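Read the figures in this text as sums done on the coordinates, not as results from a lab. Because the structure is a prediction, the values reported are computed rather than measured. Cβ coordinates were reconstructed from backbone atoms using ideal geometry, including for glycine residues, and neighbour counts include every protein chain displayed.
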Amino acid sequence: MAIHKFTVGERVEFTPGRFDGNVPRGVYTIARLMPSETTDMQYRIKSARDSHERVVRESQLRRG
């Protein structure tokens, strides 16, 4: 079973993929750990700029 690399409350740098539309890259905070059916874990992140929350894959995040 895979484990999450990041924890709730941790600040991370998000890099959007080509299918993420106009989601801005930048600093986000981990709001919730999400279940995943693959080895690429998922997170709900909250933007420091606009307070929007998004669900993203772990491969799109790095420590910020």
All-pairs Cα distance distribution in the chain, expressed in whole percent, bin size 10 Å:
24, 59, 17, 0
Neighbours of Lys46 by Cβ distance under 12 Å: Lys/Arg at +1, Asp/Glu at -1, summed charge +2
Quote the relative contact order of the chain in percent (integer), defining contacts as alpha-carbon pairs under 8 Å separated by 6+ residues.
33
